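The values are calculated or read from the model by the stated rules, or taken from the named source; none is laboratory data. Keep in mind that this is a model prediction, so the values were computed, not measured. Don't worry about glycine lacking a Cβ; one is built from the backbone with ideal geometry, like all the others, and counts go over all protein chains shown.
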Amino acid sequence: MRIKATTFNRVLLGVLLAIALLIPLLIRTNQYNLVLVTTVLLFGVLATAWNIIGGMAGQLDLAAFAYLGLGAFTSGTLLIRWNVSPWIGMILGGLVATGFAVLVGFPLFRFRVREVWYALTSSALVEVLKVAFVMWEDVGGPVERYLPYYSFSLYHMRFGTYIPYYYIMLAILVIAIVVNYRIGRSKLGFYLRALGEDEDAAEILGVDARACKLKALMIYAFIVGATGAVYACMYGFIHPSFFSGARSTEVAILGIVGGMGITYGPLLAAVILVSAREFLRASLGGQMESLYLVIYSVVLILIALFRPQGIAVFFRDAYRKLLSKVTGDEHVLRANTPGI
Amino acid sequence: MDTVIQSLLNGALMGCVYALITLGLSLIFGVMNVVNFAHGDFVMLAMYFTFFIGSMWGVDAVFTPAVTFPLLFLVGVVAYYLIIDGTLRQKYVTQIAVTVGLMTFLRALTQLMWKAQPRALPYSLIQGSIHIAGYNIMLSRLISAGVSILAIGGVSLFLSRTWPGRAIRAASDDLDAASLMGVNYRWTYALAFGLGSALTAIAGGLLMTFQQVDPTMGVRFGLLSWCVLALAGLGSIPGLLISGVIVGAAEALSMSLWDPRARSLIVYLIFILVLWVRPRGLFGRK
């Protein structure tokens, strides 16, 4: 019996989604493990969103947690001060992050700040925001601001267990992947990939590089900003340390070693690397703290050196072989679908 | 007014050390176009080596570069051959991924060996302060600035007068032409990377005379040195010194006039503004 490639893809996606839905039910008694899987999802969301600006448009953005922090502070402050639901805060947080992205991105792209300098500027932005929020005592300040506690309140997005946060994060992840996939196949996606390859060549061919990059940055900032609202609720407080340069860089690294511009690459990297790191931390942390980071960084270097195309390429080739065996269709081996 | 001049003096002296750190970065970035995100962590590593040698042998921090300079040169050369060499033909993104990995590695390794708490050496030989026209100048900072300027001058002579130095400059101008003239590019690159890293040993020794070290230090010096480099542009060594002084002075001014926490804010704002307004820097050639 021959199976169509699309049917096989759909069945596989369904199985993966079912596994993702079932995970919290299997480990529901252990809150620590729940935090871990939710963290993996969080990095999956961030890296997937990063794929739009970093992977497709080739702009090495190192400011993920700047946008995340802005979203968290917007929604958290609204909830603490005026009892506004984080569900609304999510949208507003996303909009604030997007506004900030425009404010920063417009002059950056206008003055043609590129490559390394773009990466360094965005990295500096995270630090600027961190200091600014420590000094802005009305909203931030050096002390944590706690969100009101509820054992289970949908309106306040506050739960006594991590299971709902897992599902919210999973929903955002699915949305981020769909957005990524749709953009990858749209005109904008082709423009972005073109200017990611060679910006000058793309501009000569009539791509409005500035507008396209700004659009990509806005979409990325909105997704990350909205995620920030969930992040604040999950941890139960807001603090300027949310603006973390190290974690922002990690998001970009996941995007790079996952496979630039491949929709599921960053997610794959997040699932494999973040779980491996947390596993190492849990099993080695007792005797030697930070030994896990030594191993983790060596693995990162090795992947970047020997698989510069990303681990997704490796998985894609294996998957295509499997697909051609199942469907008996040689064509899938050479298929060249953008973003997949 | 007195506070302004006092902090300008302090900042300017500190800026000379920043210029020395940035000279290492500019050698690496200018010559082989490698984006080294780990440079700040080399400074941190140098400070830990200084602490280690200083406390083990009871040597004063000022003299430790005699050991740490060759040590960091070696670390730099090994890092070049092990990881940087393989990424020269890759996109800059891969280089950043690799050097970020190196950065995480150095940070985690120092944490593993010396734990996370800050470390400092006992009082250095050079301490106390001198008074000139009512202003107070810390001797340790004055000597640090002097040694930094001497070291920068030394590197400048090395680059202009010796054959390996000229090879480095030739390779940074035109790699293909230099190769045809008999410059071995891998050897030159390894030398530049080693020298760039080794310069942090001098800076680390000087910094340890009046400062402590902890594993998060790398981030600060990393972004700081990129800021000085952006302000100076590539190719001008006096420009580097002036930019270092500007950044140091701005940092000190913001600390004394506004808020001690605002020091990094000002530095990064200068950085971002320079990139917007004058991307090739104040003294840059390209």
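Could you tell me whether any residue of region A:88-95 is closer than 14 Å to residue A:215 by Cα, touching a residue at least 40 places away in the same chain (Cβ under 8 Å) and more than 15 Å from the chain's Cα centre (by Cα)? The answer is yes; a qualifying residue exists.
If you filter region B:258-286 down to residues that are aromatic (Phe, Trp, Tyr), facing chain A (nearest Cβ under 7 Å) and touching a residue at least 12 places away in the same chain (Cβ under 8 Å), you find that the one that is surrounded by the most Cβ atoms within 10 Å (Cβ to Cβ) is B:271.
When restricted to residues that are within 21 Å of the chain's Cα centre (by Cα) and part of a loop (DSSP other than H, G, I, E, B), region B:155-193 contains 0. Apart from one condition, residue A:280 fits all of (1) at pLDDT below 85; (2) within 12 Å of chain B (Cβ to nearest Cβ); (3) surrounded by fewer than 16 Cβ atoms within 10 Å (Cβ to Cβ); the exception is (3). The set of residues in region B:80-107 that are of a type in the set (Phe, Trp, Tyr) and buried (at least 22 other Cβ atoms within 10 Å of the Cβ) comprises B:80, B:105. Would a scan of region B:222-243 turn up a residue that is within 14 Å of chain A (Cβ to nearest Cβ), on the phi > 0 side of the Ramachandran plot, crowded, with 20+ Cβ neighbours inside 10 Å and not in a helix (DSSP H, G or I)? Looking for residues that are within 14 Å of chain A (Cβ to nearest Cβ), on the phi > 0 side of the Ramachandran plot, crowded, with 20+ Cβ neighbours inside 10 Å and not in a helix (DSSP H, G or I), one finds at least one in region B:222-243, hence yes.
The set of residues in region A:112-140 that are polar (S, T, N, Q) and either surrounded by fewer than 22 Cβ atoms within 10 Å (Cβ to Cβ) or at the interface with chain B (Cβ under 9 Å from one of its Cβ atoms) (or both) comprises A:121, A:123.
The listed residues are A:100, A:73, A:133, and the only one of them that is farther than 27 Å from residue B:36 by Cα and touching a Pro at 6+ places or on another chain (Cβ under 7 Å) turns out to be A:133.
Within region B:153-169, not a single residue is under 20 Å from residue B:212 (Cβ atoms), of a type in the set (S, T, N, Q) and surrounded by 14 or more Cβ atoms within 10 Å (Cβ to Cβ). Among the candidates A:100, A:159, A:152, A:109, the residue that is within 13 Å of another protein chain (Cβ to nearest Cβ) and either surrounded by 16 or more Cβ atoms within 10 Å (Cβ to Cβ) or modelled with pLDDT under 90 (or both) is uniquely A:109. Please tell me if residue B:244 is touching a helix residue (DSSP H, G or I) at 6+ places or on another chain (Cβ under 6 Å) and not hydrophobic (A, V, I, L, M, F, W, C). Answer is yes for this residue. Can we say residue A:50 is within 14 Å of chain B (Cβ to nearest Cβ), in contact (Cβ under 8 Å) with a residue 12 or more places away in the chain and within 22 Å of residue A:166 (Cα to Cα)? When the stated conditions are applied, residue A:50 passes them.
Listed conditions (1) away from chain B (no Cβ under 14 Å); (2) more than 30 Å from residue B:220 (Cα to Cα); (3) touching a residue at least 24 places away in the same chain (Cβ under 8 Å); (4) surrounded by fewer than 16 Cβ atoms within 10 Å (Cβ to Cβ) are all met by residue A:144, apart from (2). Annotation note: of B:209, B:188, the sole residue that is among the hydroxyl-bearing types (Ser, Thr, Tyr) and either within 27 Å of residue B:100 (Cα to Cα) or surrounded by fewer than 20 Cβ atoms within 10 Å (Cβ to Cβ) (or both) is B:188. Among the candidates B:79, B:97, which residue alone is at pLDDT 85 or above and within 9 Å of chain A (Cβ to nearest Cβ)? Going through B:79, B:97 in turn, the sole match is B:97.
Of all residues in region B:100-122, exactly one satisfies the criterion of being within 7 Å of another protein chain (Cβ to nearest Cβ) and of a type in the set (Phe, Trp, Tyr), namely B:105. Taking residue B:126, is it more than 17 Å from residue B:219 (Cβ to Cβ), away from every other protein chain (no Cβ under 14 Å), not in a loop (DSSP other than H, G, I, E, B) and not small (Gly, Ala, Ser)? No.
Just checking, does region B:244-260 include any residue being modelled with pLDDT under 90 and not in a helix (DSSP H, G or I)? Yes, some residue in region B:244-260 is modelled with pLDDT under 90 and not in a helix (DSSP H, G or I). Restricted to region A:190-281, the set of helices (runs of 4 or more DSSP H) holding at least 3 residues that are under 22 Å from residue A:301 (Cβ atoms) comprises A:245-258, A:265-269.
Can you name the residue in region B:28-49 that is out of contact with any Leu (no Cβ under 6 Å at 6 or more places or on another chain), assigned to a helix (DSSP H, G or I) and over 16 Å from residue B:107 (Cα atoms) and, of all such residues, is nearest to the other protein chains (Cβ to nearest Cβ)? Per the criteria, the residue is B:29. Every condition in (1) aromatic (Phe, Trp, Tyr); (2) surrounded by fewer than 16 Cβ atoms within 10 Å (Cβ to Cβ); (3) modelled with pLDDT of 85 or more is met by residue A:242 except one, and the failing one is (2).
Does region B:199-219 include one or more residues that are within 23 Å of residue A:135 (Cβ to Cβ) and in a helix (DSSP H, G or I)? Yes, there is a match, as at least one residue in region B:199-219 is within 23 Å of residue A:135 (Cβ to Cβ) and in a helix (DSSP H, G or I).
If you check A:236, A:259 for being at positive phi and in contact with a strand residue (DSSP E or B) (Cβ under 9 Å, 6 or more places away or on another chain), only one passes: A:236.
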